[in-house]
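In what follows, a structure is listed as structure tokens, so that the remarks can point back to it.
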Amino acid sequence: EKYHVDRNIHIVPTGIEIERFYQEKHSIADTEELRKKIGINKNDKVILFVGRLGKEKSVDLLIEGQASIIKKHPHCKLLIIGDGPDMELFHKLAHKYKIEDKVLLIGKVPWEEIPKYYQLADIFATASRTETQGLTVIEAMAASIPVVAADDESFKNIIIDDLNGYLFKNKHSYVSK
């Protein structure tokens, strides 16, 4: 449309094998073993982020939000899966807020193991405002995990606020959601 193409336009999204993320595809024993391996206790609630660790993903907002969240919910951990140029910056940010034990920066995980990490989560969160398709949000929904996402155009076609997820505008809104 932007280039004034006068034809039918069809958007073909990137395919996701959503069945990989279904809860019934994963055993409780495997999930419990992974929880122990990465230091998540039975009573812990887990907020999950999966993605590239670059400034454009706004992971800093999630970490800063975590510092507020644990004041009300001390058994909550932010689990961050992924790697990128800002990994060290996010380690330092968790250290600055003295929440290294509440922010688990796991790093890169093999593609075939990603669905296992979704099974650990109670909530999936993303603060990114630079997505084109929001694939991790779709993965989280396939895994039956509630989603809290930045109020961004890329998520408005997927998330209906307060129906199948929550959209937030800023850090305060994120923490309250």
Review point. Using a 1.4 angstrom probe and counting only protein chains, how large is the accessible area of Lys156 in Å², to 10?
Key: 100 Å²
Point to revise | Residue among Thr126, Thr31, Thr136 with the largest mean-square fluctuation in a Gaussian network model of the chain, springs linking Cα atoms under 10 Å | key: Thr31
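Given a Förster distance of 45 angstrom, what is the FRET efficiency for Ser68 paired with Lys25, based on the Cβ-Cβ distance and rounded to 0.05? Each step should come with its number before you reach the end.
Numbers: r = 34 Å, r/R0 = 0.76.
The calculated FRET efficiency here is 0.85.
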Check your understanding: Ignoring ligands, DNA and RNA, what percent of the 1.4 Å accessible area of region 1-144 is carbon and sulfur?
Key -> 52 percent
Exercise for review: Pairs of Cα atoms under 8 Å, at least six residues apart: use those to get the relative contact order of the chain, whole percent.
Suggested key: 25 percent
Practice item. Using a Gaussian network model of the chain whose springs link C-alpha atoms within less than 10 Å, name the residue from Ile106, Ile40, Ile69 with the highest mean-square fluctuation. Key: Ile106
Review point. By how many degrees, 0 to 90 and rounded to 10, does the Cα axis of helix 87-96 deviate from the longest principal axis of the chain?
Key: 50 degrees
Exercise for review: Keeping all protein chains in place, calculate the accessible area per residue for the chain (probe 1.4 angstrom), answer in Å².
Suggested key: 61 Å²
Practice item. List, in the order given, every pair from Lys42/Lys71; Lys25/Lys171; Lys57/Lys77; Lys77/Lys177; Lys42/Lys169 whose Cα-Cα distance in the structure shown is over 27 Å. Key: Lys25/Lys171; Lys42/Lys169
Exercise for review: Could you give me the radius of gyration and the Dmax of region 35-106, taking only the C-alpha atoms into account and expressing both in angstrom?
Suggested key: 11.4, 33
Practice item. Could you state the angle between the C-alpha long axis of helix 59-72 and the longest principal axis of the C-alpha atoms of the chain, as a value from 0 to 90 degrees rounded to the nearest 10? Key: 50 degrees
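Compute the semi-axes of the equivalent ellipsoid of region 105-174, taking the square root of 5 times each eigenvalue of the Cα gyration tensor, and list them largest first in whole Å. Write out the running numbers ahead of the final one.
Working: eigenvalues 84, 33, 29 Å².
Listed largest to smallest, the semi-axes of region 105-174 are 21, 13, 12 Å.
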Revision key, fill the gap. Filtering chymotrypsin sites (Phe, Trp or Tyr not before Pro) in region 91-144 by DSSP loop and by at most 16 other Cβ atoms within 10 Å leaves Tyr97
Study note, to complete from the structure: Those GluC sites (Glu not before Pro) from region 1-98 that are DSSP loop and have at most 10 other Cβ neighbours within 10 Å turn out to be Glu1, Glu17
Point to revise | List Ile80, Ile28, ordered by accessible area with a 1.4 Å probe, largest first | key: Ile28, Ile80
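The values are calculated or read from the model by the stated rules, or taken from the named source; none is laboratory data. Quick caveat, the model's predicted, so the values are computed rather than measured. Quick reminder, even Gly has a Cβ in these numbers, built from the backbone with ideal geometry, and neighbours come from all protein chains shown. When the accessible area is computed, the model is the full protein with side chains, heavy atoms only, and any ligands, DNA or RNA have been set aside. Shrake-Rupley method; radii C 1.70, N 1.55, O 1.52, S 1.80 Å.
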